[in-house]
Amino acid sequence: MEKAKPIGVFDSGIGGLTVVRKLSSTLPNENIVYFGDTARVPYGSKSNETVIEYSIQNTKFLIEKNVKAVVVACNTASSVAIPELRKRFSIPIIEMINPGATAALKATRNNKIGVIGTRATINNKAYSKEIKKFNENVEVFEVACPLFVPLAEEGWIDHKATYEIAEEYLKPFKEFGIDTLVLGCTHYPILAKVIQEVIGDDVMLIDSGVASSEIVRAEIDRIGLTTNSNTLGNQNFYVSDLPIKFKEIAELFLGREIKNVQKVDVEHLVSLG
Ligand code: DGL
């Protein structure tokens, strides 16, 4: 029974779908419950206290859906809320920063790593702290790219405006001479084509969601809760606002039809405390 429980995933909006996409190929037989807090996106421009409060509510919501583990598919929440979540909840909580930092350290050849993320993730220096824990000699250059989140939420994955904004944000990296760039926000892989074109093919992009799905696999295996099922897992989506728009953008991004998008009232989340 325990093994059949779904894996819970949350993000402020559609960004965590980049993690779901990877999870469905790494663990195809697992059921997934996704929560996108579309009524309260963006998290990246909010205070740490607010992001922690929302993260607790989102985790409680997923636990209410009977999940066996929670994937915090949001770098912003991962950079501020993990200690509090791990203190309060006994189920495994998987975050994005360590897997992304580890993958970047493996990839870099010249020890110059760039990181892009939300204002909160960059101001908290989440990636540079994590990277320097393992290697103090690596230089880390961090730039906040807050406009990428609404562009991704709008589905402007190939738009002229997205190119122009990317040119502006990524300009400083040309001087730094980085060879690796961490997409330190789960929304950014949605814009990966534009980001890669603007930064150039000689810079390797690191998707923290891809790196974290291996950790999810190892973690549920470690606690002995890998599903026994041989059939394709099902996925249920919950959002706190505009399910129709979420469905449209999610389908554009995932490249397949998604069913089961349900709205959750913010009042319900708040009542969970
Ligand atoms: N996708 C989230 C992240 O990884 C949050 C973006 C936002 O809500 O600002 O940081």
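The values are calculated or read from the model by the stated rules, or taken from the named source; none is laboratory data. In this text the structure is predicted, and so the values were computed from the model without any measurement. Here Cβ is always computed from backbone atoms with ideal geometry, including for glycine, and neighbour counts include all displayed protein chains. Surface areas here come from the heavy atoms of the whole protein model, side chains and all, with no ligands, DNA or RNA. Shrake-Rupley method; radii C 1.70, N 1.55, O 1.52, S 1.80 Å.
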Note on VAL138: of the conditions (1) among the aliphatic types (A, V, I, L, M); (2) farther than 28 Å from LYS247 by Cα; (3) under 20 Å from the mean Cα position of the chain (by Cα), unmet is (3)
Flagged in segment 125-147 as open to solvent by less than 50 Å² (accessible area, probe 1.4 Å), within 16 Å of the ligand (Cβ to nearest atom) and out of contact with any strand residue (DSSP E or B) (no Cβ under 6 Å at 6 or more places or on another chain), in numbering order, are ALA126, GLU130, ALA144, PRO146
Wholly inside segment 148-262, helices (runs of 4 or more DSSP H) that include 2 or more residues that are open to solvent by 30 Å² or more (accessible area, probe 1.4 Å) and over 27 Å from GLU95 (Cβ atoms) are 160-176, 243-254
Considering only segment 63-84, state which residues are away from the ligand (no atom under 16 Å from the Cβ) and either in contact with a strand residue (DSSP E or B) (Cβ under 6 Å, 6 or more places away or on another chain) or on the phi < 0 side of the Ramachandran plot (or both). ILE63, GLU64, LYS65, VAL67, LYS68, ALA69, PRO83, GLU84
Quickly run through segment 181-209 and pick out the residues that are under 18 Å from ILE165 (Cα atoms) and more than 16 Å from the ligand (Cβ to nearest atom). LYS193, VAL194, GLN196, GLU197, VAL198, ILE199, GLY200
